[in-house]
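Q: One structure is given below, represented as structure tokens, and several questions about it will come after.
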Amino acid sequence: MAHSPRTHKPTPLFIGGTGRSGTTILGDLLNEHSQIRTSNPTEIKFLANRGGLLDVIYGSPSSRLSDLEGISILHYRTYRNRKKRTTQLREERLQEFKEKIWQKWWEIDGKPPHGPGLHAGISKDVLEKILTRFEKLLTRNPTRAGSRFMDEFISSQFDSTTNEKYWTETTPMNISYARHLLALNPHARFIVMRRDPRDVIASLLTKDWGPSTPVEGVEWIENRLRAGHLGQSYIPKGQLLTIDLEDLVSNTPEQSYKRILDFLEIEDEPLMRAFHQEKMNGDLASTGRWKTQINSPEFVEAIEGMLKRLKADSIEYGYVLD
């Protein structure tokens, strides 16, 4: 049942990481709590993905879409030309966004978290109406338009209830876009899932959408770690929690589980605890899989080089690798 976003506003909880770091399984765990609903699909795609909602509102690195701050209206010609160009770029991004909604993200032929698509969680006519209202408000107040769009989308999904305290989404790149997600909802919370980068890369190499060699995997994950570090710098301390997958499933499972409960200020519940105990075990993290799958001098050297670069730039990853 859908509810009015004016009266029903669960706090968005964005789970992110590098990818292959446990974001989906954490979303599944939290979905077992009566006050938490994980989106269906768990990755809605249209937030942090290229050409998505955030690109429409704030622009992407390649679009040069920016606001008019720093340009005095006294410099009228410059101000007018910049505003005209900004409007044009935003319109182009809006059209791309709508095309991707219906042609790419509405139906996806794939298993979770990449499928099944937006149609699993919201009706087409409702989403069309939300998009129409978003488009009308976009020119006047882009951030408010985006915030309203998200409120209406969340509250209009099929499984929405008035009991929800949190609505959870698990796209890994959420953390990298934290600054803009907070602009849409300043009260949003974030959980960063971390995992041994070597095991992340080993997992990536089994997929057909990531790097094709271990050394390429090191470059891939370094870029993700850097983007995530920058994103985290915008998140207020009380709205951010970092969890290591290995701790949650094997090293210190009880302490990690309690940290999640305390961070979200929720009580433990039998279904959530049972899921944690029965389905989240050491096998889930596949700790050390890299040793049998990609252990080589070139890979080890690349990892060590990455860690030195991260340390030199004061980017803490949290793992002491053997």
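The values are calculated or read from the model by the stated rules, or taken from the named source; none is laboratory data. No experiment lies behind these values; they were computed from the predicted model shown. Cβ: placed from backbone, ideal geometry, glycine included. Neighbour counts: every protein chain shown.
Q: Only one of (1) β-branched (V, I, T); (2) crowded, with 18+ Cβ neighbours inside 10 Å; (3) in a helix (DSSP H, G or I) is not met by I243, so which one is it?
A: I243 satisfies every listed condition except (3).
Q: So, K279, is that one modelled with pLDDT under 95 and more than 21 Å from the chain's Cα centre (by Cα) or not?
A: For K279, the condition - modelled with pLDDT under 95 and more than 21 Å from the chain's Cα centre (by Cα) - is met.
Q: Could you check region 158-183 and list, in sequence order, the residues that are of a type outside the set (A, V, I, L, M, F, W, C), out of contact with any His (no Cβ under 9 Å at 6 or more places or on another chain) and assigned to a strand (DSSP E or B)?
A: T168, E169
Q: Y234 - would you say it is among the aromatic types (F, W, Y) and either at pLDDT below 95 or outside any helix (DSSP H, G or I) (or both)?
A: yes
Q: If you go through region 128-159 one residue at a time, how many are closer than 14 Å to T87 by Cβ and either of a type in the set (V, I, T) or in contact with a strand residue (DSSP E or B) (Cβ under 9 Å, 6 or more places away or on another chain) (or both)?
A: Selection size over region 128-159: 1.
Q: If the requirement is being surrounded by 13 or more Cβ atoms within 10 Å (Cβ to Cβ), farther than 30 Å from I221 by Cβ, free of Cβ contacts under 8 Å to residues at least 12 places away in the same chain and not aromatic (F, W, Y), which of these qualifies: R144, R140, R133?
A: R144
Q: Which members of region 207-240 meet the condition of being loosely packed, with under 15 Cβ neighbours inside 10 Å and touching a Lys or Arg at 6+ places or on another chain (Cβ under 9 Å)?
A: K207, L230, S233, G238 - these are the residues of region 207-240 that are loosely packed, with under 15 Cβ neighbours inside 10 Å and touching a Lys or Arg at 6+ places or on another chain (Cβ under 9 Å).
Q: Applying the selection to region 248-289, what residues are buried (at least 17 other Cβ atoms within 10 Å of the Cβ) and in contact with a Pro (Cβ under 9 Å, 6 or more places away or on another chain)?
A: Of everything in region 248-289, those that are buried (at least 17 other Cβ atoms within 10 Å of the Cβ) and in contact with a Pro (Cβ under 9 Å, 6 or more places away or on another chain) turn out to be H276, M280.
Q: Mind telling me which of the residues V192, V126 ends up being hydrophobic (A, V, I, L, M, F, W, C) and closer than 13 Å to G17 by Cβ?
A: Of the residues listed, the single one that is hydrophobic (A, V, I, L, M, F, W, C) and closer than 13 Å to G17 by Cβ is V192.
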